[in-house]
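The block underneath contains the structure these notes are about, expressed in structure tokens.
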Amino acid sequence: MQTTHQAALETKHQMLDRRISEEVHRPMPDALALAGLKKQKLRLKEELTNL
């Protein structure tokens, strides 16, 4: 059974994935913003793995 916290983390993870994809496909992607988004996504993934 999925907890509310786990569901929220998965939703945030998906949102970050979309934001990363949008940033990559921009004409001039912002490398710093992209790096920050990827770090956030990795932290969420690690947290989900530890649940």
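The values are calculated or read from the model by the stated rules, or taken from the named source; none is laboratory data. A quick note: this is a predicted structure, and the numbers were derived from the prediction, not measured. Ideal geometry is used to build each Cβ from the backbone, glycine not excepted, and the neighbour counts take in all protein chains shown. Just so you know, the surface numbers come from the protein's heavy atoms only, side chains and all, with ligands and any DNA or RNA stripped out. Shrake-Rupley method; radii C 1.70, N 1.55, O 1.52, S 1.80 Å.
Consider the range 13-25 and keep the residues that are crowded, with 16+ Cβ neighbours inside 10 Å and in contact (Cβ under 8 Å) with a residue 24 or more places away in the chain. The one that is farthest from Gly36 (Cα to Cα) is His13.
Quick check on my filter: what residues within the range 26-45 are open to solvent by less than 100 Å² (accessible area, probe 1.4 Å) and not polar (S, T, N, Q)?
The initial filter retains those residues of the range 26-45 that are open to solvent by less than 100 Å² (accessible area, probe 1.4 Å), namely 29-31, 33-37, 40-42, 44.
Within the range 26-45, Pro29, Asp30, Ala31, Ala33, Leu34, Ala35, Gly36, Leu37, Lys41, Leu42, Leu44 qualify.
Against the test of being open to solvent by less than 50 Å² (accessible area, probe 1.4 Å) and either touching a residue at least 40 places away in the same chain (Cβ under 8 Å) or among the aliphatic types (A, V, I, L, M) (or both), the options Leu51, Leu9 yield a single qualifying residue, Leu9.
Among the residues of the range 22-51, count how many are assigned to a helix (DSSP H, G or I) and more than 10 Å from the chain's Cα centre (by Cα).
First, pick out the residues of the range 22-51 that are assigned to a helix (DSSP H, G or I): 22-24, 31-49.
When the remaining residues are screened for being more than 10 Å from the chain's Cα centre (by Cα), the result is 22-24, 31-35, 46-49.
Final tally of qualifying residues: 12.
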